[in-house]
Structures are given as structure tokens and as C-alpha cells.
Amino acid sequence: MASLPSVVVGNTLKLESEFRKHTSTSLPFEKRNFITTHLDKALEPVCLDFREALSVIKDGPNFESSVYVPLLQECIDKSSISGTQLIHGHIIKTNTHEDLFLMTFVVNVYGKCGAMEDARKLFDKLPKRNVVTWTSLMSGYVHNSQPELAIRVFQEMLEVGAYPTNYTLGVALNACSTLYALKFGQQVHGYIVKYDIEYDTSIGNALSSLYSKCGHLDFAVKALWRIREKNVISWTTAISACGDNGDSARGLSLFVEMLSDGIEPNEYTLTSVLSLCCIMQAMSVGLQVHSLSIKLGYESNLRVTNSIMYLYLKCGWISDAKKLFDGMGKISLITWNAMIAGHAQMMDIAEDNLSAHRSGVEALNFFLRLNRSNMKPDIFTFSSILTVCSSLVALEQGEQVHAQTIKTGFLSDVVVGTTLVNMYSKCGSIEKASKAFVEMSTRTMISWTSMITAFSQHGHSQQALQLFEDMRLVGVRPNQITFVGVLSACSHAGLVDEALKYFEMMKKEYKIKPVMDHFACLIDMFVRLGKLDEAFEFVKKMDFEPNEVIWSLLIAGCRSHGNLELGFYAAEQLLNLSPKDSETYVMLLNMYLSAGRWKDVSRVRKMMRDEKLGKLKDWSWISIRDRVHSFKPDDRSCPPCGEVDILLGDLLEKARPLGYESKGSLEVTDERDEETTFSSIHHSEKLAVAFGLLNTPNGSPIRVMKSISMCRACHSFFKFISILTARDIIIRDSKRLHKFVNGHCSCGDFGSLL
């Protein structure tokens with residue numbers, strides 16, 4: 001690598017300021033006044049004709065080459081390639097193309113206008129070049145998302161013995177950041193260390209950004225501390241680095257130090273800090289940042305306001321977020337998207353499924369308000385709202401959004417297409433999910449994985465495995481999640497040999513290290529087949545300790561196949577993990593209750609009290625004609641409760657001759673601590689399904705959401721109901737999707753045991 005002369009060290013080159021400096025001093029006052037007067041007239045908005053401006057230059061007295069600079073600057077402002085080419089041609093005609101400063105500026109202008117081929121051709125024809133010329137070409141490549149070419153030019157520059165400036169090195173580091181080229185970036189860093197210029201602000205900022213993007217947070221922060229004169233960009237880069245690398249608390253500490261250092265934050269600093277507050281749900285800090293933003297005059301800044309609003313949503317301050325939203329004078333699409341995405345994310349962090357449902361409905365309401373405004377949704381809007389429809393099992397609304405994506409031309413986008421596949425799958429329509437996948441013009445690995453997972457969840461194992469082979473055939477490389485879908489498909493179908501073959505393929509051919517989900521799929525398969533000994537042996541072979549899911553699977557299998565001894569052993573292992581999920585404890589309680597192990601029942605109850613776990617809240621809801629109807633066990637508040645009772649009683653009588661047995665069972669209810677013997681006829685999902693049967697057209701599917709997992713009795717009941725009513729019954733409980741069709745469930749009758 002070429003040496004950096006001492007005369008360059010410490011000098012930070014700023015291209016455009018350098019150009020302006022030449023422009024302002026290169027002409028005598030009289031000549032400059034004459035020419036710029038005519039140029040100003042020619043460059044007025046009403047007559048922005050480069051040919052006219054050039055004719056003024058041609059017809060005027062002798063002139064200096066710098067008179068082209070205002071015209072070239074106008075080309076940058078207007079991104080006019082044709083204007084640049086016209087001026088370039090005129091420069092050649094007037095024989096001023098030998099002026100290196102001017103031709104370097106033309107290279108810079110071509111780059112700013114996106115014409116890198118023209119920039120490179122001009123660069124190659126230059127008889128001589130200086131560091132500004134090399135840096136202009138590099139900057140152009142970085143500006144036009146061609147960082148690999150920028151690095152190539154940097155290497156060419158060093159090979160011919162040219163000396164980079166601080167600005168050149170900063171451009172090279174930015175190219176490395178874009179490419180995540182850590183090794184080459186470290187070589188550039190070594191060059192910088194050699195000449196002791198880490199203290200330079202622009203270089204320090206670029207180094208901090210490089211190490212942040214490459215996942216080396218400590219080095220990014222060290223680069224900050226080495227900067228002598230830290231500016232707002234320096235601090236903001238380091239604060240953002242903390243957020244990007246999962247250390248939000250450190251980012252907030254840096255923000256405090258920045259304020260102590262007397263540096264005033266800008267809008268990018270504030271949005272970065274508010275993002276950290278979102279991640280940590282640090283509402284108290286967020287409120288202080290909100291106050292600071294008002295003090296600094298950012299109360300009407302769209303970026304800052306959106307970030308504050310998103311923070312309020314993330315922390316559950318719904319009314320405050322809406323107040324902020326309603327108080328905004330001008331609402332941009334970004335703001336609408338923030339409100340919709342914020343409510344969508346609230347569904348993931350809600351305390352219970354009912355709260356999540358309310359957040360989802362609110363997101364749909366905001367989407368409806370957006371459509372009534374003059375703004376049109378974009379790809380981010382559609383992606384968020386389709387995700388909401390997935391979570392709500394809101395097929396009708398999802399279909400309306402699908403139609404809107406076709407009308408607005410966003411259906412061809414791979415993100416929207418993949419989200420549609422997920423939405424239809426989670427709403428229980430595997431046929432429409434498959435159709436959406438087939439109609440995608442472009443498919444990514446995520447698209448293939450989504451469809452494979454959809455087939456697997458709906459019990460279409462052979463289609464899932466065939467699609468996986470098609471994916472491999474077209475050269476798309478699977479990832480960890482893809483293999484979870486594949487192994488799950490094998491589990492549903494009981495394909496032991498195939499499952500073990502794919503498990504080995506994942507490890508050896510694709511070098512993917514198995515994670516807990518992969519082992520869970522294989523254990524699930526052994527348990528379904530009643531091969532409990534093999535399942536426990538497989539657990540022993542795992543490289544890490546089994547989690548709650550693994551032990552819950554084993555307990556469910558032991559209960560199903562009557563091996564209580566192994567079931568109690570698995571239960572002890574599960575209790576040793578001190579699980580935080582109420583449903584896990586209820587499963588254990590019911591197992592101990594059915595076996596009459598009263599000491600264990602008392603022990604589990606004590607653990608639940610010690611963990612301060614709330615009781616299970618059994619709620620179900622169904623959406624009919626855009627109205628949500630919710631139910632709880634033995635609910636007498638629903639308007640047609642008499643009709644619902646009559647229908648359920650009638651269905652029960654018709655199901656018994658077909659083989660259904662309604663057994664009272666000793667289980668734990670959600671309202672009392674005592675165990676009670678009761679019939680499950682009035683569980684919330686039964687009421688919701690019955691209400692749906694009474695209020696929807698014959699033949700239409702019934703879609704219900706349930707806050708906790710479904711019991712075995714209800715699961716068995718719905719299989720018979722799907723036969724008696726000739727309806728598809730789709731129930732999404734807290735564990736999985738159950739689709740009952742003609743007496744069969746997509747879970748393979750195992751999901752109800754968990």
C-alpha cells in the first residue's frame with residue numbers, strides 16, 4: 001500500500017467546498033460580474049435552458065473555465081445527465097478540457113447524476129489526475145451503490161502511487177461498510193493508525209460506522225473515543241451502533257455523555273435515542289427526550305414526532321399516541337404506517353390474546369382511515385396490515401387488502417406476496433396460500449420457507465416435502481427455519497426415515513447447526529408414533545438442555561399413550577425449569593389430579609403462587625361482518641344464549657351416535673383454585689363456534705380465536721361438528737392452528753394434548 005506523505009496528514013478534503021473556493025477566486029471582479037450577470041439571467045427558473053446559457057458564454061468576452069461551475073452545479077441540483085453531457089461537449093469545443101480542476105468537477109457531477117459510465121470514461125481519458133479526481137470517482141461509485149468499484153478505484157490509486165487524503169480514506173471506509181468488508185476495512189484502519197490520524201472527525205465517524213455494521217460494537221465505541229473533536233454525527237453514529245448491536249443501555253449512556261459534552265442533538269440523534277427507548281421500553285427516559293425535542297424546536301419535526309408516537313404505542317400509552325397523532329397538522333404516510341405498525345407490534349407484546357385482538361382491530365381501523373384520506377398505502381402499509389390480518393384470522397379483511405394490492409400494483413412485490421402466503425395460511429385457507437405463492441413473479445428463500453411451513457402446519461406433509469425439493473432444484477439455499485418446516489412435515493406424517501435424512505442433510509450438506517426447534521420436531525414425531533423410549537433417548541443426545549417445549553411434548557405423549565411413569569419423570573424435569581407459563585402448570589395439575597397425586601398437586605399450586613402466575617383466562621372471539629363477538633366459559637351474556645344452548649345440545653345428541661363421548665373430567669378451571677368435575681360443553685370456543693353457525697351462511701367456514709389451548713374434549717367435539725354441519729371449523733388457540741375438515745384436524749390430533 002502506498003505511503004501517505006506528511007503534508008497530507010491532518011488535511012480533510014471536502015470536495016464541494018474545494019470547488020466553491022476555486023469558483024469564488026478564479027475570476028477578476030469585472031469579468032466575473034459580466035458573465036455571472038448573464039448566467040444568472042440564463043439560469044432563472046423560467047428559462048433554464050443550458051443551450052441558451054452556453055450561448056451566452058460563447059458570445060461573451062474571454063472567459064475562465066470556472067464559469068462552467070454554476071451550470072454544472074445546476075446539473076447536480078436537477079440531476080440532469082443530458083445537461084452535463086451538453087456542458088461537457090461545450091467544454092471540449094472551447095478547449096478548456098485541459099483544466100484538471102474543471103474536468104474533475106465534471107467527473108463529480110456525472111457521479112452525482114448517476115452516470116457512472118460517463119464518469120469512468122472521462123476519468124480514463126484524463127491525461128493527469130490528482131487526489132481530488134480519484135476521490136470524486138470513488139465518491140460517485142459509493143453514491144450510486146457500487147461500493148465494490150469504489151474499492152477497486154482506491155486500490156488502483158494506491159498502485160499508481162497517489163496519496164489518499166482523510167476524505168479519500170473516509171470514502172473507502174464507507175464503501176467497506178456497505179459491503180460489510182471488515183478485513184479490507186481493517187487494512188485501511190491500519191493505514192490510518194500508521195499515520196496517526198484516528199483523531200480526525202470524519203475518519204473516526206467512518207470507522208465507527210464500519211465496525212458497527214460489521215457487528216463489532218466495542219471497536220465502534222473505541223473509534224468514537226479516539227476522535228479529538230466529536231461532532232453530533234460522531235455521537236449519533238455511536239448511539240445508533242449500540243441500538244444496531246443490541247446494547248441499548250450503552251447507547252442511552254452515550255447520549256447522556258453527549259449532552260454533558262455540550263453537543264446539541266439533531267433529529268437523527270433524537271430518533272436513534274427514541275428507538276433505544278422503544279427497545280428497552282424506557283418510558284421515563286423517552287418522556288425526557290420528548291421534552292428535550294420540544295425545547296430544541298423539533299415538536300413539528302415529522303421524524304421525531306413519529307418516533308415519539310411509536311414509543312408511546314410500544315409502551316402501551318395508546319391514548320397519548322392517538323392524541324399526538326390527532327394533533328399533527330400534516331399526517332404523512334410514514335405517520336400512518338407508524339400507527340398501523342405500532343398497533344401490530346403491540347399484538348406481540350400484549351398481556352393476553354384478547355388485548356392483542358383489540359390492538360389488531362385498532363390497526364385495521366387506522367388502515368380504514370388511511371384509505372379514506374387522500375393518501376395511498378405503500379409496501380410497508382400492506383405488509384403491516386396483512387400481518388395484522390394473519391394474527392386476527394381476519395380472512396375477509398385480508399382478501400380486501402389482497403384486492404387492493406392488485407389494484408395499486410404492489411402485488412408483484414416479493415414482500416407483499418410472501419405476507420399474503422402467510423396471511424392465507426394462518427387464516428386456514430391453504431388453497432389460497434398456495435395460489436398466492438404460485439402467482440408470485442419472484443420468490444426469495446423466505447417465500448419458499450413460508451409456503452413449506454404453511455403446508456406443514458395444515459398437515460399437507462407430502463406437498464411440503466415436494467416443495468422443499470423444488471426449492472433445492474432451483475438453487476435456493478434453505479436456512480434453519482426452512483428445515484423446521486420440513487422436519488415438522490415429517491413429524492405430522494410419521495416419516496421417521498425421511499426426517500432423519502433431512503436432519504443429517506441440514507448438518508452435513510448445508511452446515512446448519514441444529515437448534516431446539518429442530519429437536520422438538522423430531523421428538524414430536526417419536527411421541528406421535530408412541531415411540532417414547534426413542535424420544536427420551538433422542539433427548540439425551542442433544543447438545544444442550546431441553547427446554548419447556550421439549551418436556552411438555554414428552555408429557556403430552558406419555559399421557560396420550562398411558563405411560564405415566566415416564567410422564568411423571570418428564571414432569572419433574574419440567575418443574576426444575578420453573579416455567580413461567582400458566583398453561584404449563586395447568587397441564588401438570590391436570591395430570592397429577594387425574595392420577596390422584598395430591599401432594600404433587602399442592603406442590604404445583606405453591607409453585608404457581610411463588611411465581612405469581614395469574615389464572616388462565618379462557619376467552620374466545622369470532623368476527624362476523626366486521627363486528628367482534630367475544631365469549632367466556634358458561635357465558636350467559638351473549639344475546640342469543642338460549643339459541644346457542646339449544647344448538648349445542650342438538651349437536652351433542654347428533655354426535656353421540658357417531659362415536660362422540662362427552663365425559664366429565666377432573667380439571668382445574670380458570671375461575672377458582674379448587675378442582676372441579678365439569679362437562680366441557682360450555683367452554684368458550686364452543687359458544688363462539690355455535691354463535692358462528694347461527695349467524696353465517698351455510699357452507700361458509702367458521703374462524704375462531706381462543707386465548708388458551710383447546711382441551712381434548714372440545715377438540716374431539718369439533719371433529720364431529722365438522723361432519724354434522726359440513727363446515728370447515730378453524731380455531732387458532734395459544735399453541736397452534738386447528739383446521740377441522742370432515743372429521744379430521746390439521747394438527748393430527750396431537751395438538752390438543754399440549
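Read-outs throughout are calculated quantities, based only on the coordinates presented, and are distinct from any laboratory measurement. Keep in mind it's a predicted model, so treat the numbers as computed, not measured. Positions of Cβ are generated from backbone atoms using ideal geometry, with glycine treated the same way; all protein chains shown enter the neighbour counts.
Structural remarks
- Filtered trypsin sites (Lys or Arg not before Pro), the range 280-357: DSSP coil and at most 16 other beta carbons within 10 Å: Lys330
- Net charge of the neighbourhood of Leu296, taken over other residues with C-beta under 12 Å away and scored Lys/Arg +1, Asp/Glu -1, is -2.
- In this structure, the pairs whose alpha-carbon distance is over 18 Å, taken from Lys435/Lys719; Lys686/Lys739; Lys612/Lys706; Lys426/Lys580; Lys314/Lys632, are Lys435/Lys719; Lys612/Lys706; Lys426/Lys580; Lys314/Lys632.
- Altogether, the Stokes-Einstein calculation at 25 °C and 0.890 mPa s, with the Kirkwood radius of the chain over Cα pairs as Rh, returns a diffusion coefficient of 79 µm²/s.
- Exposure proxy ranking, count of Cβ atoms within 10 Å, fewest first, for His216, His738, His715: His216, His715, His738
- Which of Ser136, Ser434, Ser291 has the fewest Cβ neighbours within 10 Å, and the rest in rising order: Ser291, Ser434, Ser136
- When Tyr68, Tyr502 are sorted by how many other C-beta atoms sit within 10 angstrom of their C-beta, beginning with the fewest, the order is Tyr502, Tyr68.
- Computed over Cα pairs, the Kirkwood radius of the range 251-382 leads via Stokes-Einstein (1.306 mPa s, 10 °C) to a diffusion coefficient of 103 µm² per second.
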